[in-house]
Structures are given as structure tokens and as C-alpha cells.
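The values are calculated or read from the model by the stated rules, or taken from the named source; none is laboratory data. Since the structure is predicted, the reported quantities are computational estimates derived from the model, not experimental observations. Reconstructed Cβ throughout: ideal geometry from the backbone, glycine too, with neighbour counts over all protein chains shown. Side chains are part of the model used for accessible areas, which takes the heavy atoms of the whole protein and leaves out ligands, DNA and RNA. Shrake-Rupley method; radii C 1.70, N 1.55, O 1.52, S 1.80 Å.
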Amino acid sequence: MAHPTSVAAVLKRLEQLDKQLPDSDGVKWFNKLYLEVTQQVAQAAPGMKQAAPGFLEALDVFFGNRYFDAFDAAAKHEYPYHAWKPLFKARSNKNIAPVQFALAGMNAHINHDLAIGVCDTCKSRGETPGDPEHKDYDSVNGLIGKVEQQMKAWMMTGLLKELDVAFNPVDDIVAVWNVERARDAAWIRAQVIWSLRDAQLLQRSYEDMNDRAVGFAGGALLVPVGLAS
């Protein structure tokens with residue numbers, strides 16, 4: 001499938017997936033969280049004073065396409081990244097709570113994809129991941145954190161009532177994940193990857209090591225907590 005080339009196109013695909021995926025598919029709950037975050041950032045970005053105009057919008061596109069690539073590969077039972085494999089392999093497990101799926105997706109997308117997306121964006125714009133880009137990157141942290149907190153609360157309470165399902169408490173699992181800290185770490189990873197761009201073997205080794213670590217963390221987020229009916 002062709003890559004979206006604009007934020008509007010990214011949102012359109014996320015909306016299509018939201019309608020397409022059944023409630024029984026765990027990927028739906030990451031997709032829904034990601035859709036809500038992307039909508040909020042897309043609405044806010046044009047009115048923000050940007051130090052590197054256009055960087056946030058371009059990053060949204062590169063970032064979104066990494067998720068779509070993982071989704072399309074999984075549809076063919078292919079898993080090119082360890083980071084995404086736990087979510088797609090466990091997507092039909094009814095004993096995993098929706099919020100766990102959402103966080104496992106955020107883990108893969110932020111802890112693995114975001115740093116690479118930052119580097120791809122800077123390369124496409126002839127920039128480096130420097131202070132102006134970092135300032136704009138950080139400017140949406142508060143908004144993303146707020147939306148994520150709202151969506152997590154809904155998935156742990158209101159959504160479960162809608163789905164008429166019950167799970168053991170997942171507070172401890174939810175507590176280990178913080179989107180703002182994850183984004184801070186992702187920016188540091190991006191700087192490391194960028195600094196290794198002339199040492200491709202070492203760069204690939206670093207990315208592979210991080211990919212495996214993120215996949216391990218994703219599996220830990222997906223420990224079944226379902227209550228027997």
C-alpha cells in the first residue's frame with residue numbers, strides 16, 4: 001500500500017483502520033489511541049510558534065508510515081521488527097486488556113520508531129536533530145501526555161463497561177509507562193543514531209539492539225490479566 005504523504009492522509013488511514021478493526025482485535029486499541037493523539041497534534045500544530053516550521057508535520061508522516069509498514073507486514077504474517085511482534089502476535093488474546101494493547105503499541109512506536117522517524121525527517125529536510133527541531137518536538141509533549149492519560153482512563157473504566165468484560169487490575173502495568181519520558185528517551189536515541197550515520201554497521205547494530213529491547217518490554221506489557229467468566 002502506498003505511503004501517506006501528508007498528515008491528512010495519515011489521519012485518513014488511521015480512521016479507516018479504526019472502522020475496519022473489530023473490538024476483538026487488540027491492535028484496534030493502539031490505533032484508536034494513536035488516532036486521537038495525531039488528531040490533537042494536527043489541530044494544535046498550525047497555531048503554534050515553531051522554531052523549525054514544518055518539522056512536526058513532516059515527522060508525523062514519517063512516524064505514521066513506520067506503524068503502517070508494521071501493520072501491513074503483520075497482515076502477511078511477517079514481523080520485520082522485534083518491537084512490533086508482541087502486539088501483532090497477541091492481538092487476538094481476549095485475556096489482555098485494551099489498555100495493555102494500547103501501551104504495547106505506544107512502546108513499539110515511540111521507543112523504536114520515533115528515533116528513526118526523527119532521523120528520517122531531518123535527512124529529508126536537509127537538517128540535523130538540533131535545538132530548533134528539539135524545541136518543536138518538546139512543545140507537544142504536554143498535549144500528547146494529556147490525551148494519553150484521558151484515553152488510558154477511558155480504556156480502564158468506560159470502555160470495559162461498553163465491552164462488558166472484566167480484567168484484574170492493570171494499575172502496575174500502566175504505571176510503568178510514561179509517554180513524556182519515553183519521548184525524551186527517543187530524542188536521545190535519535191541523536192545517537194544520527195551521530196552514527198557514517199558508521200553504518202555500528203548504527204545498524206545499535207538499532208537492532210534497541211529493537212530487541214523494545215520487543216522484550218512489549219511482551220512484558222502484554223501479560224494476560226483476564227478474569228475467568
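The table for this structure:
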| quantity | calculated |
| --- | --- |
| Only listed residue being open to solvent by 60 Å² or more (accessible area, probe 1.4 Å), at positive phi and over 16 Å from the mean Cα position of the chain (by Cα), chosen from Asp164, Asp131 | Asp164 |
| From the options Ser6, Ser24, residue that is surrounded by fewer than 20 Cβ atoms within 10 Å (Cβ to Cβ), within 26 Å of Leu163 (Cβ to Cβ), touching a residue at least 40 places away in the same chain (Cβ under 8 Å) and among the small types (Gly, Ala, Ser) | Ser24 |
| Filtered residue count, the stretch 193-205, keeping only those that are open to solvent by 40 Å² or more (accessible area, probe 1.4 Å) and within 20 Å of the chain's Cα centre (by Cα) | 0 |
| Positions within the stretch 206-229 being open to solvent by 80 Å² or more (accessible area, probe 1.4 Å) and under 18 Å from His82 (Cα atoms), in sequence order | Met209, Arg212, Phe216 |
| Test result for Glu78, open to solvent by 10 Å² or more (accessible area, probe 1.4 Å), more than 25 Å from Val140 (Cα to Cα) and among the charged types (D, E, K, R) | yes |
| Selected residue [of a type in the set (A, V, I, L, M, F, W, C), closer than 22 Å to Trp177 by Cβ, modelled with pLDDT of 95 or more and out of contact with any strand residue (DSSP E or B) (no Cβ under 6 Å at 6 or more places or on another chain)] from Leu103, Leu11 | Leu103 |
| Scope the stretch 32-42; condition under 17 Å from Tyr137 (Cβ atoms) and open to solvent by 40 Å² or more (accessible area, probe 1.4 Å); matching residues | Gln40 |
| Which listed residue, of Ala58, Ala45, Ala52, is buried (at least 17 other Cβ atoms within 10 Å of the Cβ), part of a loop (DSSP other than H, G, I, E, B) and not hydroxyl-bearing (Ser, Thr, Tyr) | Ala52 |
| Selection count, the stretch 134-154, where residues are of a type in the set (Val, Ile, Thr) and open to solvent by 50 Å² or more (accessible area, probe 1.4 Å) | 0 |
